[in-house]
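Quick notes on the structure that follows.
The values are calculated or read from the model by the stated rules, or taken from the named source; none is laboratory data. Remember, it's a predicted structure, so these values are computed and weren't measured experimentally. No Cβ is skipped: glycine too gets one built from the backbone with ideal geometry, and neighbour counts run over all protein chains shown.
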Amino acid sequence: MVQIDNNLFKVSAILLLAGGIIFWFGAFFPPYKQWTTDNLKEYLFIVDTHRVNWYIIHAAFLIGVIITVFGTQLLSQSLINSGANKVFSLLCFSSYLTGSVFWIMNIAFRVTVTIWFAGKVAEQEQLFGFFKSMNDWSNLIFSVYMVLAYFSIGSMGMALMDIPLVPRWVDWFCIIMGFSACSHLLSGFPSGLRR
């Protein structure tokens with residue numbers, strides 16, 4: 001008989017939910033056009049015009065990812081304690097932790113380099129050619145985060161298959177969504193995702 005510590009799972013679920021809500025708060029904080037424009041100069045002008053909002057967005061991203069790291073670590077330990085597959089349980093945490101390092105690097109780029117270039121575009125109304133290359137690098141490390149985050153979700157689904165914690169369809173949803181999104185992103189590497 002598998003012994004499941006529901007309290008431990010509840011705490012990890014609360015942390016994961018809180019991390020997700022804070023992250024999405026940042027993603028939907030105005031302005032919105034910077035996420036959809038293809039014009040790099042317009043993107044930088046929006047960032048410069050809404051500098052405080054840009055910091056709020058990225059503070060929410062940073063807090064959200066840190067809370068999610070703790071939630072994922074606790075979930076991984078809870079899965080192992082409950083008899084789930086140890087390899088997939090550890091992959092769930094280690095891949096998200098590794099990915100979060102790339103996400104934090106991307107956030108650091110956005111609140112330093114992007115802000116600096118945004119100020120220069122606003123002052124001089126010209127775009128420095130090498131910013132595109134630097135921004136492409138930033139997008140690449142964001143893509144690495146996304147691949148590892150989805151791999152973490154797929155690994156969590158695989159680990160959940162071993163214990164009767166959630167309905168079986170939830171396990172399969174995590175497996176299919178996590179690994180298929182991971183594969184989709186890898187098929188587009190290194191171009192990755194936009195901002």
remark   = The number of residues in the stretch 1-24 that are farther than 30 Å from residue 83 by Cα and crowded, with 16+ Cβ neighbours inside 10 Å is 2
key: Subset of the stretch 65-83 [within 21 Å of the chain's Cα centre (by Cα) and surrounded by 19 or more Cβ atoms within 10 Å (Cβ to Cβ)]   = 65, 67, 68, 69, 71, 72, 74, 75, 76
ask   = Do we have residue 29 as assigned to a loop (DSSP other than H, G, I, E, B) and either surrounded by 16 or more Cβ atoms within 10 Å (Cβ to Cβ) or of a type outside the set (A, V, I, L, M, F, W, C) (or both) here?
value = yes
query = What about residue 142, is it at pLDDT 90 or above, of a type outside the set (Lys, Arg) and within 13 Å of the chain's Cα centre (by Cα)?
reply = yes
message = Tell me whether the stretch 4-16 contains one or more residues that are farther than 22 Å from residue 139 by Cβ, in contact (Cβ under 8 Å) with a residue 60 or more places away in the chain and not in a helix (DSSP H, G or I).
response = yes
key: Complete set of residues in the stretch 173-192 that are assigned to a helix (DSSP H, G or I) and over 30 Å from residue 3 (Cβ atoms)   = 180, 181, 182, 183, 184, 185, 186, 187
remark   = If we ask which residues in the stretch 128-154 are over 29 Å from residue 73 (Cα atoms) and buried (at least 18 other Cβ atoms within 10 Å of the Cβ), their number turns out to be 2
